[in-house]
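Visitor: Sharing a structure with you now.
The values are calculated or read from the model by the stated rules, or taken from the named source; none is laboratory data. The structure presented is a predicted model; accordingly, all values stated were derived computationally and were not measured. Here the Cβ positions follow ideal geometry from the backbone for every residue, glycine too, while neighbour counts run over all protein chains shown. Surface accessibility is based on the protein's heavy atoms, side chains included, excluding ligands, DNA and RNA. Shrake-Rupley method; radii C 1.70, N 1.55, O 1.52, S 1.80 Å.
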Amino acid sequence: QVQLVESGGGLVQAGGSLRLSCTASGRTFSSGAMGWFRQAPGKEREFVAAIGWNSVNRYYADSVKGRFTISRDNAKNTVYLQMNSLKPEDTAIYYCAAAQSKSPSIYSYGYDYWGQGTQVTVSS
């Protein structure tokens with residue numbers, strides 16, 4: 001089993017930066033893909049970024065490409081999402097997800113474990 005805990009959310013002005021962290025427990029983390037999703041009030045959960053088990057394959061939603069960077073440190077059982085040039089439309093609850101598969105997915109159903117979420121609010 002895998003448990004995920006996100007941290008690093010908060011309130012930031014447009015153009016600012018935040019780094020989200022997700023720490024995992026269990027023996028699956030180092031061999032599985034990881035992803036970040038977000039959900040704003042009244043909207044469906046949407047894909048943000050994903051990374052494969054060895055960090056070779058990385059994918060980003062078009063809306064965050066060039067601004068966000070996903071990375072992982074398997075020795076620390078942690079995945080990160082560096083968010084730069086934040087916009088008000090980035091405001092959402094951000095969730096990290098872990099998959100048993102080694103290949104990342106852009107779909108929610110591609111993941112087996114989910115964190116509790118961390119709030120990111122970007123003011124104009």
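Visitor: With respect to I70, is the statement that it is open to solvent by less than 10 Å² (accessible area, probe 1.4 Å) and not basic (K, R) true?
Guide: yes
Visitor: Given the criterion more than 19 Å from G110 (Cα to Cα), buried (at least 16 other Cβ atoms within 10 Å of the Cβ) and of a type outside the set (A, V, I, L, M, F, W, C), identify the matching residue among S7, S21, S17.
Guide: Going through S7, S21, S17 in turn, the sole match is S21.
Visitor: Could you check the stretch 24-66 and list, in sequence order, the residues that are farther than 19 Å from S105 by Cβ, modelled with pLDDT of 95 or more and open to solvent by less than 70 Å² (accessible area, probe 1.4 Å)?
Guide: Within the stretch 24-66, just A40 meets the criteria.
Visitor: Given the conditions (1) under 24 Å from L11 (Cβ atoms); (2) buried (at least 20 other Cβ atoms within 10 Å of the Cβ), and given that A99 satisfies all but one, which numbered condition is not satisfied?
Guide: (1)
Visitor: Turning to a different aspect of this structure: Out of G10, G66, I need the residue that is in contact (Cβ under 8 Å) with a residue 40 or more places away in the chain, more than 16 Å from Y113 (Cβ to Cβ) and not polar (S, T, N, Q). Which one?
Guide: Every option except G10 fails the conditions.
Visitor: Can I ask one more? Out of contact with any helix residue (DSSP H, G or I) (no Cβ under 9 Å at 6 or more places or on another chain) and over 21 Å from Q119 (Cα atoms) - does that describe any residue in the stretch 76-98?
Guide: So far as the stretch 76-98 goes, yes, one or more of its residues are out of contact with any helix residue (DSSP H, G or I) (no Cβ under 9 Å at 6 or more places or on another chain) and over 21 Å from Q119 (Cα atoms).
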